[in-house]
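*Asks:* Below is one structure. I have some questions about it.
Nothing in this text is a laboratory measurement; each read-out follows from the coordinates by a stated rule. Every value quoted in this text rests on a predicted model; they were computed, and no experiment measured them. Positions of Cβ are backbone-derived with ideal geometry, glycine not excepted, and every protein chain shown enters the neighbour counts.
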Amino acid sequence: MPKLTEQDRALLRILQEDGRITNQELAERTGMSASVCWRRVRAMEEAGIISKYAAIPDPTAAGLNFQAIVHVSLARTSKDYVRTFMDEVRNRPEVLQCFAIAGTPDYHLLVMCEDLEAYNRFYTEFLFERSCVGQVSMHLIVNTLKSDMKLPV
């Protein structure tokens, strides 16, 4: 797909606010015909610009009262250790986001659990048991000032 047009950006802004909007309403709000609107959205889906549609629950309302940023340094940065860690962290439901960063530590994880006991299980049964993990530090999230996944398009 070529560079995003202003129409594409308008579609993305609206869809990020309401992924359940009808094509007809989306077309009306962007000043396009329904068929053009549908084709533009479909083209962005096929190009991978729109990767999925999802409901975004409130973590506290969903019972995830323990939220933390966890910093992980690997014991070694060999290809095997990195691959093992990446594969295993992708399969952990407590890890909502994982960022590999330049510098120290190697990874920042956004972790959400029901409570401290659930986090301790995650820590002792997962992180602590991985030979690829060298050091772990945790920063408890006490207040979320902004949590948004909308891109500034």
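*Asks:* R0 = 22 Å: FRET efficiency of Asp18 with Val142, Cβ-based, nearest 0.05?
*Replies:* According to the calculation, E is roughly 0.10.
*Asks:* Report relative contact order for region 66-140 in percent, whole number only (criteria: Cα-Cα under 8 Å, sequence separation at least 6).
*Replies:* 52 percent
*Asks:* Just one of (i) 1.00; (ii) 1.09; (iii) 1.06 is Rg/Rh (Cα atoms, Kirkwood Rh) calculated from these coordinates, so which is it?
*Replies:* (ii)
*Asks:* Run the numbers on the chain and let me know its relative contact order in percent, using alpha-carbon pairs under 8 Å that are six or more apart.
*Replies:* Relative contact order comes out at 27 percent.
*Asks:* Which cross-chain or sequence-distant (5 or more) residues have an amide H under 5 Å from the amide H of Val133, H modelled 1.01 Å from N in plane?
*Replies:* Ala75
*Asks:* Can you spot the lysines whose alpha carbon is less than 19 Å from Lys79's alpha carbon? Ignore those fewer than 8 places along the same chain.
*Replies:* none
*Asks:* Roughly speaking, what is the centre-to-centre gap between region 127-153 and region 27-98 when only Cα atoms are used, to the nearest Å?
*Replies:* 14 Å
*Asks:* Step through the residues of region 52-65 one at a time and calculate ³J(HN,Hα) from phi using the Karplus curve (6.51 cos²θ - 1.76 cosθ + 1.60, θ = phi - 60°), rounding each to whole Hz and writing x for Gly and Pro.
*Replies:* So the Karplus estimates, Gly and Pro as x, are 5, 10, 8, 7, 10, x, 6, x, 5, 5, 8, x, 9, 8 Hz.
*Asks:* Right, something else. If Lys and Arg each add +1 and Asp and Glu each add -1, what is the summed charge of the other residues whose beta carbon sits under 13 Å from the beta carbon of Arg39?
*Replies:* -1
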